[in-house]
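What follows is a short report on a single structure.
The values are calculated or read from the model by the stated rules, or taken from the named source; none is laboratory data. Bear in mind the structure is a predicted one, so any value in this text is a computation, not a measurement. Cβ coordinates were reconstructed from backbone atoms using ideal geometry, including for glycine residues, and neighbour counts include every protein chain displayed. Just so you know, the surface numbers come from the protein's heavy atoms only, side chains and all, with ligands and any DNA or RNA stripped out. Shrake-Rupley method; radii C 1.70, N 1.55, O 1.52, S 1.80 Å.
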Amino acid sequence: MTTMHMANIPADLVAFAIALCASLILTIPVRYLALRCGMVDKPGPRKVHVKPIPLLGGIAIFLGFALAVLLTRHGGPFEQILGILAGATLVTVVGFLDDGGLLHHQVKLFVGMPVAAVILIVSGIRAQFFSAFIPGSAGVALDIVFTILWVVGITAAFSILDHMDGLCAGIAAVAAGFFTLAAIYSDQTMVRVLGAAVLGAALGFLRWNFNPAKIFMGDGGAMFLGFLMATLGLKIRPEGIQFPVTWFVPILILGVPVFDTTLISISRARRGLLPFTSPGKDHTAHRLSNLGLGHRGAVLVLYGFAILSGTLSFIVSHVSTEVSFAIVGGLILAGVGGVFLLEGVPFEHQVKVPKSSPAS
């Protein structure tokens, strides 16, 4: 193919292809490396696998994404690309150190994730929520705080979503696909490329991670995907819709991890447990599996809900503000009902764990 023809290929398609191929291929040597280094996730009472599975799959996801971004014409400000890669690298390293037992698990929540959020802010990426109705420095300051909470919350949500074969990678792929579509309609080239790169990297890894998984992404991979999802949520700017409907789009795209985090937070708090430090088999997927769907069935159902939620994000950006609020209001009621119903589903009740135990 000639250089001229290559130049005519959309940048997001190039990014998708590079990330997909790189992640798909690199997962093989990364798996071998994990086995050689003894970086495996051993079976346990709060795990669903019955034999040791290699970790470190997040390295392949990270490299696939990084290669796609660095080799693609994304049209974004250099400082923002640098900030995204720096923040993503930080959470990935912190996550893998946590996987190896080299860090207290709360370091990632109270140090790694907030610092990564600050890196984004310094690079020029932050929420524009409070400044939409509070003028001056007060609105900016509140937006900075909101940005940190958003990045920490979404990154943590994906970190704890990685508890069943193919779940985290699949949900991230669906969300990245909808972020890319939203960016296409909003003519945001940089977001299109970033979304397409995440989509390709997640799908390439999913080939090896879907049930029965041959490799896990590890907390480094899950935090990496969560950080990128939070970043895309901050960057997406749907055209033709007004605040606060603009924020309905990223929240709906990330509907499944938001719901799962809400469910376990309410459930664990109700049982006197700290939500992010009390790992157990009480997630949405675990409860759906206990209803008779099995592991693979539960994951596929959540894929379906992610697609439905992403579709609704597209709808709210193309209808009136009143209809958008009605849709979101109905979803909130459905979410409350879902939490109530799933709390009645049998699940394995955990007890308080030692502080040195990582959350999941």
Pop out the carbon and sulfur fraction of the accessible area of the chain as a percent, whole number, probe 1.4 Å. 72
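Counting other Cβ atoms within 10 Å, keep those with at most 16, restrict to DSSP loop, and tell me which trypsin sites (Lys or Arg not before Pro) in the stretch 169-248 are left.
Values: sites: 192, 207, 214, 235; in loops: 214.
Here the sparse-neighbourhood loop sites are 214.
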Using a Gaussian network for the chain with springs between C-alpha atoms less than 10 Å apart, which of these wobbles most: 250, 77, 238? 77
Express in Å², to the nearest 10, the accessible area of residue 82 obtained by rolling a 1.4 Å probe over the protein heavy atoms while all chains stay in place. 100
Beyond 29 Å between alpha-carbons counts as too far, so tell me which of 108/235; 235/281; 108/281; 214/235 fall in that bin. 235/281; 214/235
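By how many nm would the segment from residue 340 to residue 140 lengthen if fully extended, with 0.36 nm per residue of separation less the alpha-carbon distance?
Working: separation 200, 0.36 × 200 = 72.00 nm, distance 3.70 nm.
Stretched fully, the residue 340-residue 140 segment lengthens by 68.3 nm.
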Surface per residue (accessible, 1.4 Å probe) for the chain, Å²: 43
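Mean residue ellipticity at 222 nm from the helices of the chain, using -39,500 (n - 2.57) per DSSP H segment of n ≥ 4 over the full residue count, to the nearest 500 deg cm²/dmol? Write down the numbers at each step before the final one.
Numbers: 14 runs with 239 residues, N = 360.
Here the helix-only value at 222 nm equals -22500 deg cm²/dmol.
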Full-extension gain between residue 40 and residue 185, please, as 0.36 nm times their residue separation minus the C-alpha to C-alpha distance. 48.0 nm
May I ask for the longest run of the chain untouched by GluC sites (Glu not before Pro) that are loop-located per DSSP and have at most 16 neighbouring C-beta atoms (other than their own) within 10 Å? 1-238
Ignoring ligands and nucleic acids, what accessible area does residue 41 show with a 1.4 Å probe (Å², nearest 10)? 30
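For the chain, what is one quarter of the convex hull surface built on the Cα atoms, given in nm²? Before the final figure, lay out each step's value.
Details: hull surface 72.6 nm².
Its average projected convex-hull area is 18.2 nm².
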Please list, or write none, the aspartates and glutamates whose alpha carbon is within less than 18 Å of the alpha carbon of residue 42, excluding same-chain residues fewer than 8 places away. 98, 99, 162, 165, 219
Using a 1.4 Å probe and counting only protein heavy atoms, arrange 302, 181 so the residue with the most accessible area comes first. 181, 302
So who's got an amide H within less than 5 Å of the one on residue 40, skipping anything under 5 residues away but keeping other chains? H placed 1.01 Å off N, in plane. 55
Could you please state, rounded to a whole Å, how far the C-alpha centre of the stretch 235-272 is from the C-alpha centre of the stretch 93-165? 15
